[in-house]
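Here the structure comes first, spelled out in structure tokens, and everything after it is commentary.
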Amino acid sequence: MPGTLFFKDVGPIGDTDTNALPVKEIGPAIGYYTQVLGFSLVERDQTSARLRRDNVQIGLAVNGRDPEQASCWFSVGDVDALWRELDSKFASPGIIDEQEFGGERYRVFFAKEPYGVCFCFSHPLEPAASD
């Protein structure tokens, strides 16, 4: 179904700032986020960039923070389609699993970008019908 691979929302995990995801070099990071994750460049300067995909806007920054300590989640329309997209680009997505958070069940997988920022991609599962 067209349009199911839609980025709906983004949020931090821990104290990560999704408007300043840490990277070591801005140029190569923009390349990865646009070519592999499918974001479009909105604006950039020497040490930061703003990117967008569908309803989601994020920022990248050479800010001295450790990318290995940063993580965020993305809500998407179809986790399986996104997994296939990333796998086709050799992005090494993790296994798809079902997890519960806040009393709701989600279909999720994790992936890391080359600098080490960890992503959780998810979409909610429909509640089971009551008997």
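The values are calculated or read from the model by the stated rules, or taken from the named source; none is laboratory data. All values derive from a computational prediction rather than experimental measurement. No Cβ is skipped: glycine too gets one built from the backbone with ideal geometry, and neighbour counts run over all protein chains shown. These area figures cover heavy atoms from the full protein model, side chains too; ligands, DNA and RNA do not enter into them. Shrake-Rupley method; radii C 1.70, N 1.55, O 1.52, S 1.80 Å.
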task: Compute the separation of the alpha-carbon centres of region 36-61 and region 2-35 and state it in Å as a whole number.
output: 7
- line: Of the accessible area of the chain, computed with a 1.4 Å probe and all protein chains kept, carbon and sulfur make up a percent value of 50
- line: Calculated from DSSP helices alone, with each H run of at least 4 adding -39500 (n - 2.57) and the total divided by the residues of the chain, [θ]222 nm to the nearest 500 comes to -4500 deg cm²/dmol
- prompt: Among 41-48, 71-78, 21-28, what's the highest-first ranking by average C-beta atoms within 10 angstrom per residue?
  reply: 71-78, 21-28, 41-48
message: I want the local charge near V108. Using Cβ-Cβ distances under 13 Å, sum +1 for each Lys or Arg and -1 for each Asp or Glu among the other residues.
response: -4
- prompt: How much accessible surface does K89 have with a 1.4 Å probe, in Å² rounded to 10?
  reply: 70
Crossing angle, helix 79-88 versus the chain [Cα axis fit, 0-90 degrees, rounded to tens]: 40
field: 5 angstrom amide H check on T16, placed H, neighbours 5+ away
entry: S71
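Considering only the other residues whose Cβ falls under 15 Å of the Cβ of I58, what net charge follows from Lys and Arg at +1 and Asp and Glu at -1?
So the environment of I58 carries a net charge of +1.
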field: Angle in degrees between helix 26-35 and the longest Cα principal axis of the chain, rounded to the nearest 10
entry: 30
